[in-house]
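Below you'll find the structure, written out as C-alpha cells, and then a few comments.
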Amino acid sequence: MRVTIRSADEDGTVRFDSPYGSAVARWAGSGPPPGNGEVDVEIEIGEVAEVVPTVASAPRISTGQLIGLVETALGDELYALRLGNSVVTVETKSDPLPGQWIAVKAEGFSLYPYAL
C-alpha cells in the first residue's frame, strides 16, 4: 500500500496518511523512517484484540483499527483482508466468512517498506 509519511519520531513512530485514512504506526524498516513523503509499505497488524462483523462497506484505517473485506481463509486462523487494492493478513480465533466486512481492533500496526 502506498502511504504518505507525515512525520517520524526518533523512536520509530510514524504518522501516515493512506487512501483509507490516517493512523500512527511503528516503522519496521532497516533504516530510519522517511521524514516526509510517499513510500510503499506492507502493514503488519500487532496483537489483535478484537475482530467483529461491521455494517461498513468501505475500507478504513485508523490508529488501532482496520475495516476490510475478508477475501479468503488462509488456514491456521489466518485470513486475507482486502483494503481496496491491498491485502493484509489477520490472525484471529474468530471465524469471519469470505465476503464479510470486519473491523479489526489491534494494539498497533507496523509498516515494512518495500520497493516496487
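The values are calculated or read from the model by the stated rules, or taken from the named source; none is laboratory data. A quick note: this is a predicted structure, and the numbers were derived from the prediction, not measured. We place every Cβ from the backbone using ideal geometry, glycine too, and count neighbours over all the protein chains shown. Surface accessibility is based on the protein's heavy atoms, side chains included, excluding ligands, DNA and RNA. Shrake-Rupley method; radii C 1.70, N 1.55, O 1.52, S 1.80 Å.
Observations on the structure shown:
- 1.4 Å probe accessible area per residue over the chain, in Å²: 55 Å²
- Applying 1/(1 + (r/R0)^6) with R0 = 41 Å to the Cβ-Cβ distance of K93 and N36 gives a FRET efficiency near 0.60.
- Taking segment 61-111 and dividing mean pair separation by its residue count, relative contact order in percent (alpha carbons under 8 Å, at least six apart): 42 percent
- The simple spin-label model puts a point 7 Å past each Cα toward its Cβ; for E44 and E107 those points are separated by 1.4 nm.
- Measuring nothing but how far apart in sequence close Cα pairs (under 8 Å, 6+ apart) lie, relative to its length, segment 1-85 scores a relative contact order of 25 percent.
- Distance distribution P(r), segment 54-116, all Cα-Cα pairs, bin width 10 angstrom from 0: 21, 56, 21, 1 percent.
- Radius 15 Å from Cβ of Y114, net charge of other residues (Lys, Arg +1; Asp, Glu -1): -3
- Surface composition of segment 5-116: carbon and sulfur make up 49 percent of the accessible area, probe 1.4 Å.
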